[in-house]
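Below is one structure, written out as structure tokens, with a few remarks after it.
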Amino acid sequence: MTLSEEAAEHPRLHLLPQTHQLKGLMTIIRDANTERGDFVFYSDRVIRLLVEEGLNYLPVVEKEVITPTGLPFQGVAFEGRICGVSIMRAGESMEQGLREVCTSVRIGKVLIQRDERTALPKLYYSKLPKDIADRWVLLLDPMLATGGSAVKCIEVLLEAGVKEERILFINLICAPEGALSMLERFKNLQIITAEIDERMDEHKFILPGLGDFGDRYFGTED
């Protein structure tokens, strides 16, 4: 069994349904020849699918409503409140997709970069909702490679009082090494992703990947 196959079978790693529509969208955004406008448009479509899937893992309670015909309908309502937390900068690309699905949602931001002295992820900025400890958190970062920044961000969330089982990490592409490492470290974390790639190279780039997501989305490529 390959690492990708092992990751795909993990009970806390949730792949989007591998439909022809999704494969077509991912093909467009992986293509090095895709123009920025199309990259943003089709990335946004995948992001919205991911957010919708993430909401499936929130708790619900039974709720009865009366339809316009005057008859009751037995449905459900979401229990608890949510917020988003984007890992800057690339994670900010996912904020609009979250807002389109969850109106008036609160969104926090965390900036984590590598410390040049220690080569370890270091927290540089954090602004979280004051009541985040009482919320479910959709953690937003489009690419999961080693998971170093995400691990540091989750530690920040835990220190803020967020329960580990209330963190849903949402990304478009993940490397199996990083995903499995995170799931081993955080026993209650759940990951929602569009695709699991083959591996990372010696420079820790995801292969086959799609390049630097943030640069392609925000138009800051050299």
Qualifying positions in segment 174-185 - without any contact (Cβ under 8 Å) to a residue 40 or more places away in the chain and either under 15 Å from the mean Cα position of the chain (by Cα) or surrounded by 24 or more Cβ atoms within 10 Å (Cβ to Cβ) (or both) = 175, 178, 182
For residues that are in a strand (DSSP E or B) and of a type in the set (S, T, N, Q), scanning just segment 171-206, find the one that is nearest to residue 16 (Cα to Cα).
-> 193
Verdict on residue 209 being small (Gly, Ala, Ser) and out of contact with any Asp or Glu (no Cβ under 8 Å at 6 or more places or on another chain) | no
Only one of (1) within 18 Å of residue 53 (Cβ to Cβ); (2) modelled with pLDDT under 90 does not apply to residue 113, and that is (1)
Given the conditions (1) of a type outside the set (A, V, I, L, M, F, W, C); (2) within 16 Å of residue 50 (Cα to Cα); (3) open to solvent by 30 Å² or more (accessible area, probe 1.4 Å), report the number of the one that residue 188 does not fulfil.
-> (2)
Can you tell me which residues in segment 26-48 are closer than 18 Å to residue 141 by Cα and touching a residue at least 60 places away in the same chain (Cβ under 8 Å)?
-> 26, 29, 30, 39, 40, 43, 46, 47
In segment 49-60, residue nearest to residue 142 (Cα to Cα) [restricted to those that are without any contact (Cβ under 8 Å) to a residue 60 or more places away in the chain and open to solvent by 60 Å² or more (accessible area, probe 1.4 Å)] = 52
Among 78, 73, which is the only one that is surrounded by fewer than 14 Cβ atoms within 10 Å (Cβ to Cβ), among the aromatic types (Phe, Trp, Tyr) and over 20 Å from residue 193 (Cβ atoms)?
-> 73
Residues satisfying the stated conditions in segment 130-147, i.e. within 17 Å of the chain's Cα centre (by Cα) and surrounded by 18 or more Cβ atoms within 10 Å (Cβ to Cβ) | 135, 136, 137, 138, 139, 140, 141, 142, 143, 144, 145, 147
Sort out which residues of segment 1-26 are open to solvent by 50 Å² or more (accessible area, probe 1.4 Å) and touching a Ser or Thr at 6+ places or on another chain (Cβ under 9 Å), and write them in order of number.
-> 15
In segment 106-129, residue most open to solvent (accessible area, probe 1.4 Å) [restricted to those that are among the hydrophobic types (A, V, I, L, M, F, W, C) and in contact with a strand residue (DSSP E or B) (Cβ under 6 Å, 6 or more places away or on another chain)] = 123
Flag if residue 195 is touching a strand residue (DSSP E or B) at 6+ places or on another chain (Cβ under 9 Å), of a type in the set (Asp, Glu) and either modelled with pLDDT of 95 or more or crowded, with 21+ Cβ neighbours inside 10 Å (or both) | yes
Residue by residue through segment 10-41, note down the ones that are hydrophobic (A, V, I, L, M, F, W, C) and farther than 25 Å from residue 190 by Cα.
-> 28, 32, 39, 40, 41
Of the criteria (1) over 23 Å from residue 52 (Cβ atoms); (2) at pLDDT 95 or above, which one residue 167 fails | (1)
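The values are calculated or read from the model by the stated rules, or taken from the named source; none is laboratory data. It should be emphasised that the depicted structure is a prediction, and the values quoted were computed from it without experimental measurement. In this analysis, Cβ positions are derived from the backbone assuming ideal geometry, glycine residues included, and neighbour counts consider all displayed protein chains. Only protein heavy atoms, including side chains, enter the accessible area calculation; ligands, DNA and RNA are left aside. Shrake-Rupley method; radii C 1.70, N 1.55, O 1.52, S 1.80 Å.
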